[in-house]
Structure formats: structure tokens, C-alpha cells
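Right, one structure below, let's go through it.
The values are calculated or read from the model by the stated rules, or taken from the named source; none is laboratory data. Model, not experiment: these values are computed from the prediction. Neighbour counts are summed over all protein chains in view; Cβ atoms, including those assigned to glycine, are modelled from backbone coordinates with ideal geometry. We work out accessible area using only protein heavy atoms, side chains counted, and drop any ligands, DNA or RNA first. Shrake-Rupley method; radii C 1.70, N 1.55, O 1.52, S 1.80 Å.
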Amino acid sequence: MHVISVKDIRKGFGDLQVLKGISFDVDKGEVLSIIGPSGSGKSTLLRCITQLERIDGGAVEICGDTLATTDDDGTVVYSDKATLRKIRLQVGLVFQNFNLFPHFSVMRNIMEAQVHVLGSPKEDARRVAVELLRKMGLEDKADAYPCQLSGGQQQRVSIARALALKPEVLCFDEPTSALDPELTGEILKVIKELAAEKMTMVVVTHEMAFARDISDRVIFMDDGIIAESGTPDEVFGHPKNERTKKFLARFE
Amino acid sequence: MSQLLLQLLEGTLTSLKIFFLTLLFSLPLGIVVAQGRMCRNKLVSGIVNVYIMIMRGTPLILQLIFVYFAPYYVFGASFNRFTAVIVAYVINYAAYFAEIYRGGIQSIPKGQYEASHVLGFTKLHTFTHIVAPQVVKRIIPAMGNEVITLVKDTALAQTIGVAELFRVAQNASAREFSTMPIFVAGLFYFIMNMVVSKTFDKIETKLAYYN
Ligand SMILES: Nc1ncnc2c1ncn2[C@@H]1O[C@H](COP(=O)(O)OP(=O)(O)OP(=O)(O)O)[C@@H](O)[C@H]1O
Ligand SMILES: [Mg+2]
């Protein structure tokens, strides 16, 4: 059973076709990186998997549960509310610009969903949060508010917030793009640690060296399709597709 | 003199009653109106929009007269004067508050909704725990202005014969051939608004723990 299974998904905004038939699987413990030029549909793809956008065609399965399928006459059918809700908790998402709740302390940012979505008792939720903060190196920031933290610290809190729900897979949409260059390292380090713990992850990134380092597999997206995919060595070391070569050349 | 003060205080009491009752009903009603205004159903949002335009586009004094007299011509019965004042003020202020709420709600970044959605919060929880508290902080200055206006607007209630502070002061002036009671009333309004603006300053300070 794949953690994520995406089959031929399509998504457009008005006349603009953004995803033109994307298929891939992610297995347990695997780290998949998605690279590609701006506008190629990487964010849209993650947003379809995390239910922030509805697909126009194709199928998505998460941990064996159907998120959406397309029947024979081409109508997209989404699962019932309860299934969608269950799936939502299995897929975490870390945003480019963190999207922490500014009016909640760091502690409450991490506790809120545990308490109100999972129904965990407050003490348990607090214990989980403290543990995650320690892991993120932020144990002294529990009572701080997001505005009092650096971008890198905010992003680590948002990772902790996502992990608190114990998702089966964690998606990252350019987790370091909103950060000053000197702060990207701390986030990449956290993701690398998660990879070492065999956390299943899908990472959209423009950090090529990083993608090469942590990924089990890499997908190169271009203009709404997967132009090339393979191991980091294949995609970065011996790209076959002209567009991949051209794209990678920009990062030399 | 103490006789005059007593009368003015009684008028003040009526003004305060109008003030608090208006807030009590229009603050929550404004939420409903704001939701209606933002409703995806074009008919609902259209109707609510017309209501808001009328409330903001015509004088409150006219609306007050309308609420007091119109039911008599249609149904042959009227609200009593005080109730008419409350009804008129509530529907007027709800419209203003609704627009402030709407501005506040629409200023909350989309990312807050998206994070809430991904974390599995219900729509209700997202509104009550994530959106609303942030909206409150953002609209406090605008709300402060509106509430100060309400204090002064209570003086219009005399139009349909409710003896609020200003009416009492005017009557006293006429009786005593002196403008002094009116200036005393002015002082009363000023003090009430000092309290209002201090209260809003306090709320603002209290919510200043984040930005
Ligand atoms: N809500 C939307 N409405 C209309 N067009 C959209 C919407 N979201 C994305 N698009 C368009 O879809 C295309 C793909 O966007 P997407 O954000 O998925 O690209 P991306 O690969 O993530 O790019 P980047 O590297 O710049 O983040 C772009 O042309 C974008 O303008
Ligand atoms: Mg993107």
C-alpha cells in the first residue's frame, strides 16, 4: 500500500491547465523531492493532495483510502466527509510562509489541533508539544508568540504543529523560500533529521543540493507534467530530458 | 441647581439605556449581516447590500421617524417611542458594524484558513478561534469611532419625543432662559465618550501582545 498514490490528476484554473496528468506513488519512509521551474504546478499538486484544491480529473489515494476518483463519464467523485477528514489528518502540510496563528503562543499553536481535532487531553497535547519543541530546539520558546520569533524559528514551529497530528506523510511547499539565506540551513537540518527517522515526506524545493542529498526519488515537473523522475543520481547526475538539463544548469 | 442636575442625570440614564441596548443587539446582529453580505448566494448578498446602502445612505433621523411612523400607516399600530428608537438604532448600527466586521474578516490572510483546513479544524472552530479573535484586534480602532458616534447619536432620540439627555437639557434651558444646561449636557457627553475611548484604549492594549 502506498502512502500517496496519484493517478493522472488534472487541474486547471479557468482556461489555464496547470496539472496535465500527473502520476506518482510515495511509499512509507520515502522522501520525494519535487523540483521544477516557477509556474510548473508544484504547489498546485501539493494543494490537491492536501485538499486545498479540488482536482478536475484523475485519482488520489492516501494510505489506501480514496480521496477522489474519476468515474467513466469523467466526473470527479470525492469521498464522503468522514473519509476526507480522516485523510486530512494523515497528510500534513508545511507552508512557505508558515501560516502560524499569530494570536496563539507557540505552545497553543502546537496544541490546538491535538485538543480540538484529535480530542487529546490537554496534558497529553502539552507533553507532545514539549517533546516536539525540544526536537526543534525551541524548548525555551513555548510561551513566545510567533511575531517574537525569527523566520527560521517560526518555520520550525509550523513543522512541529504539523507533526503534532502524527501525519503519515508530511508535505513541504518550499519551506525555506521565505527565509533569509542564513536561516535556510536550520530548516534543512530539521527535514534531514526527519528523513533519518524515516518520516515519509514530499518536499517541493528550489534547494537542489539539499534535494539531491535527502531524497530517495526526485520528480522534475515542467509545464504541468512530470518531465523526468528517478533517483537523485539519475535526475541530477545524468538527466536525460533536455528541459531538466536546462533547468539544472541554472543552479550550477 | 441640584434639581437641574437630577433631571440631567435622569436624561443621561435614558441616553445610556439607548446606548447599551443598541450595542447589545447591533453588535451580534452585525455579524449576521456581515455573513449575509459575504454570502455566496447572490440574492442574499444583494438584498443585504441594499439594506446596508439604505442604512448608510440616509440620515439616521429619517430612519428613526420612519420606524416610528411607518408601522402606524401599514398596520395601524406603532412601537412605543423608546422601542422605536432601539429598533431604528439597532438596524442602523448593525449595518455599520457589519461593514467593519466584513473589512476585518476579509483582511485575514488566506493562509490562516488554509492552515486551519489542513489541521482539520471545522469551519466553526476556524471562525470562532482563529479568525474572529484576529478580526477583533484589527477592527478595534474603527469600532471605537463608531461607538463614540453612537453616544452622540443618542441625542437624536428626542426627534420622536424620547426624553434623553439633550432633550432634558433643552427643556431646562427654555425654562430657565439660560444656555447653561446645554453646556452641562455637553460636558456629560464628553465624559461618556472619555469613558468609551479609555475602554477602547484598554482593549487595544490588552490585544497588543501580538501583531
Ligand atoms: N488559485 C489560482 N487561480 C488561478 N491561477 C492559479 C491559482 N493557483 C495557481 N495558479 C496558476 O497555476 C500555475 C501553477 O502555479 P503553482 O503555484 O502550482 O506553480 P509552482 O510550480 O508552485 O511555482 P513556484 O515555483 O513559483 O511556486 C501558475 O501559472 C499560477 O499562476
Ligand atoms: Mg509554488
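Quick rundown of the values:
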item	result
Per-residue ³J(HN,Hα) for region B:156-164, Karplus 6.51 cos²θ - 1.76 cosθ + 1.60, θ = phi - 60°, Hz, x for Gly and Pro	6, 4, 4, 3, 9, x, 8, 7, 8
Nearest-20 debye value, region A:1-76 charge dipole, Cβ charges on Lys, Arg, Asp, Glu	360 debye
B:Val32 paired with B:Thr179, simple spin-label distance in nm, labels 7 Å along Cα-to-beta-carbon	4.5 nm
Within chain B, helix-based [θ] at 222 nm, where runs of 4 or more DSSP H residues each add -39,500 (n - 2.57), nearest 500	-27000 deg cm²/dmol
Alpha carbon centroid spacing (whole Å) that separates region A:107-130 from region A:131-180	15 Å
29 Å Cα-Cα reach of B:Lys152 towards lysines, excluding residues that sit fewer than 8 places from it in its own chain	B:Lys17, B:Lys137, B:Lys198, B:Lys202, B:Lys206
Rounded percent of accessible protein surface that carbon and sulfur make up, region B:11-167, 1.4 Å probe	70 percent
Protein-only accessible surface order, largest first, of A:Arg10, A:Arg88 at 1.4 Å	A:Arg10, A:Arg88
Computed FRET value (nearest 0.05) for A:Asp223 with A:Lys7, which takes r as the C-beta separation and R₀ as 22 Å	0.70
Cα centroid separation - region B:51-78 against region A:1-45, whole Å	58 Å
Candidate aspartates and glutamates - alpha carbon under 13 Å from A:Lys135, same-chain residues fewer than 8 apart omitted	A:Glu186, A:Glu193, A:Glu197
Per-selection metrics, chain A (Cα): Rg and Dmax in Å	18.3, 56
Two-site label geometry, B:Val44 and A:Arg243: point separation in nm, points 7 Å out along Cα→Cβ	4.3 nm
Above-threshold pairs, the threshold being 24 Å between Cα atoms, out of A:Lys20/A:Lys246; A:Lys11/A:Lys198; A:Lys28/A:Lys192; A:Lys192/A:Lys245	A:Lys11/A:Lys198; A:Lys192/A:Lys245
Residue among B:Ser26, B:Val118, B:Tyr209 farthest towards the positive dipole end of the protein assembly as shown, charges placed on Cβ	B:Ser26
Which of B:Lys137, B:Lys42, A:Lys166, A:Lys11 is most accessible, then next, and so on - probe 1.4 Å	B:Lys42, A:Lys166, B:Lys137, A:Lys11
Formal net charge of residues neighbouring A:Ile22 (Cβ-Cβ distance under 11 Å; K, R +1; D, E -1)	+4
Extension gain from B:Met53 to B:Glu10, taking 0.36 nm per residue of separation minus the Cα-Cα distance	12.0 nm
Computed [θ] at 222 nm, helices only, for chain A once each DSSP H run of length n ≥ 4 contributes -39500 (n - 2.57)	-10000 deg cm²/dmol
Amide hydrogen neighbours beyond the local backbone of A:Gly29, cut-off 5 Å, H modeled	A:Thr200
Set of aspartates and glutamates with alpha-carbon distance to B:Lys110 below 16 Å, sequence-local pairs under 8 removed	A:Glu53, A:Asp173
Dipole magnitude of the protein assembly as shown, debye to nearest 20 (Cβ charges: Lys/Arg +1, Asp/Glu -1, about Cα centre)	1440 debye
Per-residue HN-Hα couplings for region B:142-153 [Karplus 6.51, -1.76, 1.60; θ = phi - 60°; Hz; x = Gly/Pro]	5, 5, x, 4, 5, 5, 5, 4, 4, 3, 6, 5
Accessible surface, 1.4 Å probe, highest first, among residues B:Lys123, A:Lys42, B:Lys17	B:Lys123, B:Lys17, A:Lys42
Chain B: most fluctuating residue of B:Ala157, B:Ala70, B:Ala95 per GNM, C-alpha cutoff 10 Å	B:Ala70
Modelled FRET efficiency - R0 51 Å, A:Thr66 with B:Leu207, Cβ distances, 0.05 increments	0.70
Extent along principal axes [Cα atoms of region A:52-95; Å; largest to smallest]	34, 22, 16
Residue with peak Gaussian network fluctuation, chain A [Cα springs, cutoff 10 Å], from A:Asp213, A:Asp25, A:Asp65	A:Asp213
Heavy atoms of B:His129: accessible area, 1.4 Å probe, square angstrom to 10	60 Å²
Rounded accessible area of B:Leu165 (nearest 10 Å², 1.4 Å probe)	0 Å²
Calculated over the protein assembly as shown: convex hull of Cα atoms, volume per residue (Å³)	204 Å³
Rough spin-label spacing in nm, given labels placed 7 Å along Cα→Cβ, for A:Val115 and B:Lys110	3.0 nm
For region A:39-152, size of Cβ-based charge dipole, Lys and Arg +1, Asp and Glu -1, in debye	480 debye
For chain B, built as a Gaussian network whose Cα springs stay under 10 Å, the top-fluctuating residue of B:Ile31, B:Ile130, B:Ile65	B:Ile130
Radius 9 Å from Cβ of A:Lys240, net charge of other residues (Lys, Arg +1; Asp, Glu -1)	-2
